[in-house]
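J.: Supplied in structure tokens, the structure appears directly below.
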């Protein structure tokens, strides 16, 4: 980040190579749209470039990075909420119809089965908390740092989300250890 603050384009390239997969995955799992996730990924690195001079390492770089991604995803969701909900509902139904017979797994690619559809039924904040917790392996405290929510809010969101997911998925699979 120091090199980047001095205007080094190769430093941005290095950061991109190190973190673009993480950024894209988080955005995709949050937004459920490939092209929008690509846009958020690009915007994230533009924000890093533009904010490099103001960056102060008060927390880990990845914490700052994830906070940018989460905020951009929330902004995108707010801008396109109605249209996005209609498109997602149609796409999830269409994309998952063929996968209904398969046994679901938590680490399965989004859009392939019952877990993805169950996740899409959660509200935005619950879904974000679950994605960060289960798919990215973050603790409650790490989620709180990255989202700006309180640890108790994160805990509450996860408890409600996992309860909803268990009800939704009960006939199909077990969510053992879901509140870890």
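Since every read-out is calculated from the coordinates, none of them should be taken as a lab result. Because the structure is predicted, anything quoted here is derived from the model rather than measured. Because the Cβ atoms are built from the backbone with ideal geometry, glycine has one as well, and the counts that use them run over all protein chains shown.
J.: Roughly speaking, what is the stretch gain from residue 136 to residue 71, that is 0.36 nm per residue apart minus the C-alpha to C-alpha distance, in nm to one decimal? Before the final figure, lay out the partial values.
T.: Numbers: separation 65, 0.36 × 65 = 23.40 nm, distance 1.67 nm.
Value of the extension gain: 21.7 nm.
J.: Could you work out how far apart the two model spin labels at residue 54 and residue 34 are, taking each label as a point 7 Å from the Cα in the direction of the beta carbon, and quote it in nm?
T.: 3.5 nm
J.: For the residue pair residue 6 and residue 167, what label-to-label distance in nm results when each label sits 7 Å from Cα along the Cα-to-beta-carbon direction?
T.: Distance between the two pseudo-spin positions: 5.7 nm.
J.: Modelled label-to-label distance, residue 42 and residue 155, 7 Å Cα→beta-carbon offset: nm?
T.: 4.2 nm
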